[in-house]
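The values are calculated or read from the model by the stated rules, or taken from the named source; none is laboratory data. Since we're looking at a predicted model, the values are computed, not measured. Glycine gets a Cβ as well: all are built from the backbone with ideal geometry, and neighbour counts include every protein chain shown.
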Amino acid sequence: MSRKTVLITGCSTGIGLHCALELKKQGYQVLATARKLPDVKNLIELGFDAHQLDLADAKSVLDAFNWAEEQADESIYALFNNGAYAQPGALEDISRDLLLEQFQTNVFGWHQLTNLCVKHMHRHNSGRIIQNSSVLGLVAMPFRGAYNSSKYAIEGLSDTLRLELMDTNIHISLIEPGPILSHFRANALAQFEKNINLEQSRFKNTYSKMLTRLKKEGPGMAFTQGPDQVYKRLIHALESNKPQARYYVTKPTYVIGFLKRILPTRFLDKVVKSA
């Protein structure tokens, strides 16, 4: 008996790995991908069909998709776009090249893989595209501009795609988590230390406080939840006859989503800045 096949990006740790493990327990065929080869080897040791995928590399995306088509029991039922990273820093300290790197992984790679899967799903007359966005795709926060803008882009692409696919049996859903316990902050710290010159920035003092938060062990802020909360929304998006267009995760996302609907922009800016 064939299994429903789910292709997932960013399975090395955190949300991607947790969701891959849970879906495997539920009987799905999980095609797990990760950027680094050691992580791919670890996924294989965990019993997954796994492949290396660098979302910033167009050839890598195409190779991984071709592999997924070959590995699928029947067809690729769903794509869960999850692989992403954050480049912290004030926008005036983010160069054109840094912004391009952020978009290559967080937007362009997702768009390419989504399009490949949509064409595949058209041939099979069904499918699910689930995008792991962020509360920062709903509202911007300072010193996260590169990541904010990448998630705003994913929101816009997904909303447009949902409209364009309304006459098909392909469903598009966005999951919008707030703070989730993962290695995300550690990766963001590495990007900051690699690319931002703290000493030459007018935000030197602010950056020092930000680095303290990024280096903190455990939850980085209040209301942080585990990746299981994302999985609950993912399984609904996969199995519901009427998957939602948007799934909020964590209290901050619900609060921000509500405030964005009722507050004038200037008042919302004050709320976000104070947070």
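Brief remarks follow.
- The condition of being surrounded by 18 or more Cβ atoms within 10 Å (Cβ to Cβ), over 21 Å from Leu189 (Cβ atoms), out of contact with any helix residue (DSSP H, G or I) (no Cβ under 6 Å at 6 or more places or on another chain) and among the charged types (D, E, K, R) holds for only one of Lys4, Lys59, Lys41, Lys25, that being Lys4.
- Residues that are β-branched (Val, Ile, Thr) and within 17 Å of Leu53 (Cβ to Cβ) within the range 92-109 comprise Thr105, Val107, listed in sequence order.
- Scan of the range 148-180 for residues that are under 21 Å from Gly257 (Cβ atoms), among the aliphatic types (A, V, I, L, M) and not in a helix (DSSP H, G or I), ordered by number: Ile172, Leu174, Ile175, Ile180
- Residue selected from the range 111-135 under the condition among the hydrophobic types (A, V, I, L, M, F, W, C) and touching a residue at least 60 places away in the same chain (Cβ under 8 Å), by the criterion surrounded by the most Cβ atoms within 10 Å (Cβ to Cβ): Ile130
- Strands (runs of 3 or more DSSP E) contained entirely in the range 14-128, each with at least 3 residues that are under 28 Å from Gly178 (Cα atoms): 29-34, 76-81
- Met141 falls short on exactly one of the conditions (1) modelled with pLDDT under 95; (2) assigned to a strand (DSSP E or B), and that condition is (2).
- Among the candidates Thr168, Thr160, Thr212, the residue that is more than 19 Å from Val249 (Cβ to Cβ), modelled with pLDDT under 95, surrounded by fewer than 16 Cβ atoms within 10 Å (Cβ to Cβ) and not small (Gly, Ala, Ser) is uniquely Thr212.
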